[in-house]
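What follows is a single structure, written as structure tokens, with notes after it.
The values are calculated or read from the model by the stated rules, or taken from the named source; none is laboratory data. Because the structure is predicted, anything quoted here is derived from the model rather than measured. Glycine also receives a Cβ, built like all others from the backbone with ideal geometry; neighbour counts cover every protein chain displayed. Keep in mind that these areas ignore ligands, DNA and RNA; they rest on the heavy atoms of the full protein, side chains included. Shrake-Rupley method; radii C 1.70, N 1.55, O 1.52, S 1.80 Å.
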Amino acid sequence: MTFELPQLPYEMNALEPYISQKTLEFHYGKHHRTYVENLNKLIAGTKFEKMSLEEIIKETAGKAEYTGIFNNAAQAWNHAFFWKCLQKGGGKPQGAILARLEKDFGSYEKFHEEFKNAAVSQFGSGWAWLVEKDGKLAVMKTSNADTPIAHGLKPLLTVDVWEHAYYLDYQNRRADFVEAFLSNLAKYQD
Ligand code: MN
């Protein structure tokens, strides 16, 4: 199978002023595209050609001989998911997700604080996540390309905290980027 860069589910300028068109042109158009292209090169002629992205991630996770394939497959998956987690007018959720956050974290505000802390404290490149773990919602962070998919967990929300995700718009102010994400862009998945 040859993987394709998925369509961005909105225009490049749709997330301004929180994420600029310029950031999306680089982040989606260059970084995400490169992960997909590198993955296709790495799996050409291998057993991984016949697998889905999720299968490749699970098959290569933690195996030193497949680090390159894992990194590019996981980053291809993580970015496709991240784009779905963004929308203009997003932010605090309503309905069933809000009720679950209140039940499992005590309040939305507690969840917001925990997610933000995870995103800000991830040292170097990585991701912060809201996941479902043993039927409960939990916050986690991962380094570099690592993804909850590799650990059998179901993600409901993510924010990319690699510098390429925010440096053009926020420079070193990662906390401001994460706050804008949680308050103005977050679109929870189910
Ligand atoms: Mn990224």
| query | Once Rh for the range 21-84 is found with the Kirkwood sum over Cα pairs, what is the Stokes-Einstein diffusion coefficient at 4 °C and 1.567 mPa s, in µm²/s? | reply | 107
| query | In square angstrom, rounded to the nearest 10, how much accessible surface does residue 66 have for a 1.4 Å probe? | reply | 60
| said: So, taking all protein chains as they sit and a 1.4 Å probe, how much accessible area belongs to residue 133, in Å² rounded to tens? | reply: 110
| task | With only Lys, Arg, Asp and Glu charged, each at its Cβ (+1 for the first two, -1 for the last two), find how big the charge dipole of the range 63-103 is about the Cα centre; round to the nearest 20 debye. | result | 220
| note | SASA check, residue 81, accessible area w/ 1.4 Å probe, all protein chains in place, rounded to nearest 10 Å², comes out at 20
| task | Report P(r) for the range 83-184: all Cα-Cα distances, bin width 10 Å, range 0 to the bin holding the largest distance, values in whole percent. | result | 15, 50, 31, 4
| Centroid-to-centroid separation of the range 1-80 and the range 106-123 [C-alpha atoms, Å] | 26
| query | What percentages, rounded to whole numbers, describe P(r) for the range 103-155 computed over all alpha carbon pairs with 10 Å bin width beginning at zero? | reply | 26, 52, 22, 0
| task | Among the lysines, select those whose C-alpha is under 18 Å from the C-alpha of residue 136, and discard any that sit fewer than 8 residues away in the same chain. | result | 103, 110, 154
| task | Quick one: divide the alpha-carbon radius of gyration of the chain by 2.2 N^0.38 Å and tell me what you get. | result | 1.01
